[in-house]
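See below for the structure under consideration.
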Amino acid sequence: MRYVPLDTPKPISKIGLGTWQFGSREWGYGPDYEQRAAQIVRRALDLGVTLFDTAEIYGFGRSERILGAALGDDRAKVVVASKIFPVLPLAPVVQQRAVASAARLGVAGIDLYQVHQPNPVVADTTTMRGMRALQDVGLVGEVGVSNYGLRRWRFAEAALGRRVLSNQVRYSMVDRGPEKDLIPYAEQAGRIVIAYSPLGQGFLSGRYDARNPPVGAVRRANPYFLPENLERGTELIATLREVADAHDATPSQIALAYLLRHPNVVAIPGASGVEQVERNAAAAEIDLADDEHAALVTAAHAFRPVTGLAAVPKLIRARTRK
């Protein structure tokens, strides 16, 4: 495993574990999943993963409980990250919700506490006042944000009066927006971009095509999995496979290695089983050659999916088609 080259109280692994699926029925949560989740977490620990990301909204607290129980006595050794869903995120509310998350996780302090979404009405001034109070009493170590643009990230940091260590955003080879400003800022300022959905919810795995679309509710709602977009992604997947063959790796591992080439980027893919955790962790050790990276960049830029409003009627038809 490799780690972010920053001065943090605990090392932050370049591959973390996202736990949205822990306790979430939309990802197939069932009565047997808690045991499987524990196996996933234990194997991640064995492989050197130190960043475990959850949120109070994931499974309405179940993800935090499952993660905390699975970490057990190792909770103090790793970076436990959670997020507040910012409904009326006034300072007292932020403090109350952090206490509740820490209790569900079974920790004395949350290593990284993040604002899940920017609130369009409540300014970060009051939210960060609550975060600062949490840091002052030791309940929160580092503060982060999620889904913030660069301007609001920097404003949040000014409001906190301390570093806002991370910004967790959608980032993958098919969602490259953070490369424009967030990643350059992170590298210049000594901050971290945490990439969620780093495999485009599985689009980059090569498992799906126009004749074999996914069936799960979450992926079916993602426009990338429209048959037209799966067809348009053929060349990108082919390039991933070509590079993967040169490294005896999988397309997913190469897609992760593409992101991790940035020193201040951490990826937090989820995992449905132990084998997937092992493959994800191994991606941190892949060094892409310059020509391989250039080929991936070219293929990623050539991918032009149907998204936004143009995708809505196609999604409706796809969901109603039997």
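The values are calculated or read from the model by the stated rules, or taken from the named source; none is laboratory data. Not measured: the values here are computed from a predicted model. So basically every Cβ, Gly included, is an ideal-geometry build from the backbone, and we count neighbours across all protein chains shown. When the accessible area is computed, the model is the full protein with side chains, heavy atoms only, and any ligands, DNA or RNA have been set aside. Shrake-Rupley method; radii C 1.70, N 1.55, O 1.52, S 1.80 Å.
Couple of notes before you dig in:
- With R₀ set to 30 Å, the beta-carbon distance separating residue 189 from residue 211 gives a calculated FRET efficiency near 0.05.
- Added length on full extension, which subtracts the Cα-Cα distance from 0.36 nm per residue, residue 242 to residue 228: 2.8 nm
- In order along region 222-238, the Karplus-derived 3J(HN,Hα) couplings, from 6.51 cos²θ - 1.76 cosθ + 1.60 at θ = phi - 60°, round to 9, x, 4, 8, 4, x, 4, 6, 4, 5, 5, x, 4, 5, 5, 5, 5 Hz, and Gly and Pro are given as x.
- Top of 14, 83, 180 by mean-square fluctuation, Gaussian network on the chain, Cα under 10 Å: 180
- Dipole of region 1-147, positive direction: furthest Cα of 35, 116, 50, with charges on the beta-carbon: 35
- Choice from 39, 253, 188 showing the highest fluctuation, given a GNM over the chain with Cα pairs closer than 10 Å: 188
- Projecting the alpha carbon convex hull of region 199-299 along each direction and taking the average yields 6.6 nm².
- Sorted peptide list for 56-66, 192-202, criterion being average Cβ within 10 angstrom, highest first: 192-202, 56-66
- Note that the chain presents 44 Å² accessible area per residue, ligands and nucleic acids not counted, probe 1.4 Å.
- Extension gain, residue 298 to residue 180: 0.36 nm times the residue separation minus the Cα-Cα distance gives 40.9 nm.
- The solvent-accessible area of residue 122, taken with every protein chain present and a 1.4 Å probe, is close to 20 Å².
- Remark: spin-label model distance residue 1-residue 123 equals 4.0 nm, labels positioned 7 Å along the Cα→Cβ axis.
- Spatially close lysines, pair count over the chain: Cα under 30 Å, gap of eight or more or interchain: 9
- The Cα trace of the chain gives Rg and Dmax of 19.2, 56 Å, the first to one decimal, the second as a whole number.
- Theoretical FRET efficiency, 1/(1+(r/R0)^6), r = Cβ-Cβ of residue 272 and residue 154, R0 30 Å, to 0.05: 0.25
- Result for the chain in a Gaussian network model with C-alpha springs under 10 Å: among 294, 284, 81, the largest mean-square fluctuation is at 294.
- Full-stretch length increase - residue 307, residue 77 - with 0.36 nm per residue and alpha-carbon distance subtracted: 78.7 nm
- With all protein chains in place and a 1.4 Å probe, the accessible surface of region 242-295 carries 45 percent carbon and sulfur.
- Prolate/oblate/rounded label for region 102-174 (Cα gyration tensor, a/c 1.5): oblate
- From the alpha carbon centroid of region 46-78 to that of region 148-181 is 23 Å.
- Virtual spin-label span in nm between residue 163 and residue 261, 7 Å along Cα→Cβ: 2.6
- Note on region 1-119: with neighbouring protein chains present and a 1.4 Å probe, carbon and sulfur make up 55 percent of its accessible heavy-atom surface.
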